[in-house]
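Contents: one structure, followed by commentary.
Here, each number is a calculation from the coordinates, and none is a lab measurement. Since the model is a prediction, treat every value here as computed from it, not as a measurement. So basically every Cβ, Gly included, is an ideal-geometry build from the backbone, and we count neighbours across all protein chains shown.
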Amino acid sequence: MITEIVNNYEKFIMNIGELIEVSGYRNDYLAKKLGLSNVNFSAKKNRKSFSLEELKKLASIIDNEDVSDFWLMQEMEARKDDDTISHDELYKEMGWR
């Protein structure tokens, strides 16, 4: 479980630029909300070097349906090669038939 938390945090950091883009918010707006200059915000975004407090505040601002959809697509893409079973196989394994 802890490994999954760390992996999700890493994914969040590695995708922060795309998440901001997908959110529809402009960099200057987000910079102002975080109390940063536009230049400082851009540098932190490019370097992926936001502090934990900045990330928490940023996440609460950009959290919307578009970001959730993007995150879900990232998850689905990451799991596309996972083994799966058919609906019929599930029923058989669970003894539902």
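Most fluctuating residue of Asp63, Asp28, Asp82 in a GNM of the chain with Cα springs under 10 Å: which is it?
It is Asp82.
With only alpha-carbon atoms counted, please give the Rg and Dmax of the stretch 2-94, in Å.
Spelled out, the Cα radius of gyration and Dmax of the stretch 2-94 are 17.3, 59 Å.
Note down the relative contact order for the chain as a percent, whole number, built from C-alpha pairs under 8 angstrom at least six residues apart.
28
Could you work out how much longer the chain between Met76 and Asn27 gets when fully extended? Use 0.36 nm per residue separation minus the Cα distance between them, nm to one decimal.
Residue separation times 0.36 nm, minus the Cα-Cα distance, leaves 14.9 nm.
Using R₀ = 22 Å, calculate the FRET efficiency as 1/(1 + (r/R₀)^6) where r is the Cβ-Cβ separation of Ile85 and Glu4; round to 0.05.
Result of the calculation: an efficiency of 0.50.
List the lysines whose alpha-carbon lies under 28 Å from that of Lys44, not counting same-chain residues fewer than 8 positions away?
Lys11, Lys32, Lys33, Lys56, Lys57
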